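Down below is the structure, laid out as structure tokens.
The values are calculated or read from the model by the stated rules, or taken from the named source; none is laboratory data. Since this is a predicted model, take the numbers as computed values, not measurements. Don't worry about glycine lacking a Cβ; one is built from the backbone with ideal geometry, like all the others, and counts go over all protein chains shown.
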Amino acid sequence: MSEEKIINGVDVEAVEGLINAVKEKPDLAESKFRANNEWIDGGHNRTTITGFYGAGQEILHTQPFVLDADEPPILAGQDRGANPVEHLLNALAT
């Protein structure tokens with residue numbers, strides 16, 4: 001009986017399984033991420049992310065992710081979301 005190996009919230013066995021699968025079939029590593037963006041007004045825009053291509057197939061997220069972006073009033077916006085630089089900082093932090 002093996003114990004599930006979770007380190008810092010990461011399922012280590014799942015990661016190892018992914019690495020081994022890609023070693024056996026390198027095409028599985030190909031990924032394509034997409035986002036649909038809609039301009040609302042001024043500096044406000046909304047991005048919706050519903051799925052991506054990975055592991056040789058189209059994969060839908062369990063729910064759409066909706067991200068609003070805007071500028072603060074000092075930069076002529078309405079502050080209806082983090083600005084694009086702040087979204088980038090979030091991406092770099094993850």
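Right, residue 11: surrounded by 11 or more Cβ atoms within 10 Å (Cβ to Cβ) and on the phi > 0 side of the Ramachandran plot or not?
So residue 11 fails the test.
Residues to consider are 16, 30, 4, 38; find the one that is in contact with a Gly (Cβ under 9 Å, 6 or more places away or on another chain), of a type in the set (D, E, K, R) and either closer than 30 Å to residue 86 by Cα or modelled with pLDDT under 95 (or both).
30
Looking for something within 16 Å of the chain's Cα centre (by Cα) and among the β-branched types (Val, Ile, Thr) - is there at least one such residue anywhere in region 64-72?
Yes, that holds for at least one residue.
When you go through (1) polar (S, T, N, Q); (2) part of a strand (DSSP E or B); (3) touching a His at 6+ places or on another chain (Cβ under 7 Å) one by one for residue 78, which number turns out not to apply?
(2)
Name every residue in region 51-74 that is surrounded by 10 or more Cβ atoms within 10 Å (Cβ to Cβ), at pLDDT 95 or above and not in a strand (DSSP E or B), in order of residue number.
Across region 51-74, the qualifying residues are 70, 71, 72.
For residue 81, which of the numbered conditions (1) exposed (fewer than 11 other Cβ atoms within 10 Å of the Cβ); (2) under 19 Å from residue 38 (Cα atoms); (3) of a type outside the set (Lys, Arg) fails to hold?
In the conditions (1) exposed (fewer than 11 other Cβ atoms within 10 Å of the Cβ); (2) under 19 Å from residue 38 (Cα atoms); (3) of a type outside the set (Lys, Arg), residue 81 misses (1) alone.
Only residues in region 16-45 that are on the phi > 0 side of the Ramachandran plot count as the first member; pair them with residues that are loosely packed, with under 11 Cβ neighbours inside 10 Å and among the small types (Gly, Ala, Ser), Cβ under 6 angstrom, at least 6 apart or cross-chain, and list the lot.
none
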